[in-house]
Amino acid sequence: MELVVRKNDLLRELQLFQGIVERKNTMPVLANVLMRADGNQVELIATDLDVGLRSTCVAQSLAKPGTLTLPAKKLFEIVKALPETDIRIEQNRSGVTVAAERFESHLSTLPADDFPQLPVVGELVATLPREPIKQMVSKTMFAITGEDTRYYLNGALFVLKPDSMSLVATDGHRLALVTVTAETGAAESKALLPKKTMQELSRLLADGDGDVVFERAENHLFFTVGGRRLFSRMIDAQFPAYERVIPRNNDKAIEFERDRLTSAIRRVSLLSNERSRAVRFLISSGKVEVTSQSPDLGEAKEELLVTYDGPDVQICFNAQYVTDFLAAVETDQVSLSFRDEMSQAVMKPVGADGYDYTYVIMPMRP
């Protein structure tokens, strides 16, 4: 292979592969990106066997077509450090030369034949609007558990219906559910997306444009955005019956200014217990006092004026769980509904346009 490619064109694509490739794995070739040059295009592929990405960039010139693999992270670092110019990539007997202007490097390569075969693309399920998918991912991804022991919670459930699409994630202490009304034209289906897939899809949606082409095979899902195709193995597990977790009988509600509540929690939580991150909401007529205390650090409180005339209630929450929700919404006002100090509370954006967002949070024991 021998080709010339613009630095920015190659860098833009290589950046999207950095979260996928793994340096430590049982197959050394999985730390490499596969490059296949033909005509005026360079195809780039990386995978960790569970999640993968295929993209292309334009070649300025192609002297010799071919296929090779290069260390994905090191190639990215080299290309990023080069000046804004053309980059020459040439394969020879001793390895691969990556050069630009007066710079020249020689990288080791692994046989392209060792690179795993990609999953076969499945049937087209639907073409979905990009912006709603982007919003759904950002509003649920943080609620996915990081514990390997509960495999069925290591992803988000994607529910597609003819007239709507939903994404839901939970770690057992909180649940984030987003539903968007949209004419998808798809038959009803469900799929459990791994957390890493959600992270890579988020990057893809932020960089690409146009609609999202969603395809499904027996064990894999495919998302195509702006000519880039993300493929992922599905989690083979049963997601919890999340509808049962959402309380229907919360009879008390308060509305907050989102920015005001965010600032109060961030300030007060500075003196919370570093392990539990607990903040207490002391709710009484016309006000909510947000407090925290730590035997080692001290205590803090901040008062928020609200419209509320119900009975006094004290509810304790994990500060991080609350601020995660507040950071994910854009509305000026948010609501908190609850029944008592030990039952699930629900937070929602007030006046959200185009989507329904429900955030269920379990109170902590005092």
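Quick look at the numbers
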{"read-out": "Strands (runs of 3 or more DSSP E) contained entirely in the range 284-366, each with at least 1 residues that are among the acidic types (D, E)", "value": "287-294, 298-305, 356-361"}
{"read-out": "Those residues of the range 85-138 which are hydroxyl-bearing (S, T, Y) and either touching a residue at least 12 places away in the same chain (Cβ under 8 Å) or closer than 30 Å to V178 by Cβ (or both), in sequence order", "value": "T85, S94, S105, S108, T109, T127, S138"}
{"read-out": "Total residues in the range 60-81, condition of a type outside the set (S, T, Y) and open to solvent by less than 10 Å² (accessible area, probe 1.4 Å)", "value": "5"}
{"read-out": "Test: residue in the range 122-137 that is closer than 20 Å to V245 by Cβ, in contact with a strand residue (DSSP E or B) (Cβ under 7 Å, 6 or more places away or on another chain) and of a type outside the set (K, R)", "value": "yes"}
{"read-out": "Residue within the range 261-269 that is farther than 30 Å from E299 by Cα and touching a residue at least 40 places away in the same chain (Cβ under 8 Å) present", "value": "no"}
{"read-out": "Residue count, the range 226-249 (criterion: open to solvent by 60 Å² or more (accessible area, probe 1.4 Å) and of a type outside the set (D, E))", "value": "6"}
{"read-out": "Of the criteria (1) small (G, A, S); (2) part of a strand (DSSP E or B); (3) open to solvent by less than 10 Å² (accessible area, probe 1.4 Å); (4) within 23 Å of F231 (Cβ to Cβ), which one A176 fails", "value": "(4)"}
{"read-out": "All positions within the range 350-366 that are in contact (Cβ under 8 Å) with a residue 24 or more places away in the chain and within 17 Å of S166 (Cα to Cα)", "value": "G354, Y355, D356, Y357, T358, Y359, V360"}
{"read-out": "Residue in the range 119-141 that is at pLDDT 90 or above, closer than 30 Å to M1 by Cα and open to solvent by less than 70 Å² (accessible area, probe 1.4 Å) present", "value": "yes"}
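The values are calculated or read from the model by the stated rules, or taken from the named source; none is laboratory data. Keep in mind the model is a prediction, meaning the values are calculated, not measured. Ideal geometry is used to build each Cβ from the backbone, glycine not excepted, and the neighbour counts take in all protein chains shown. What goes into the accessible areas is simple: the full protein's heavy atoms, side chains included, and nothing from ligands, DNA or RNA. Shrake-Rupley method; radii C 1.70, N 1.55, O 1.52, S 1.80 Å.
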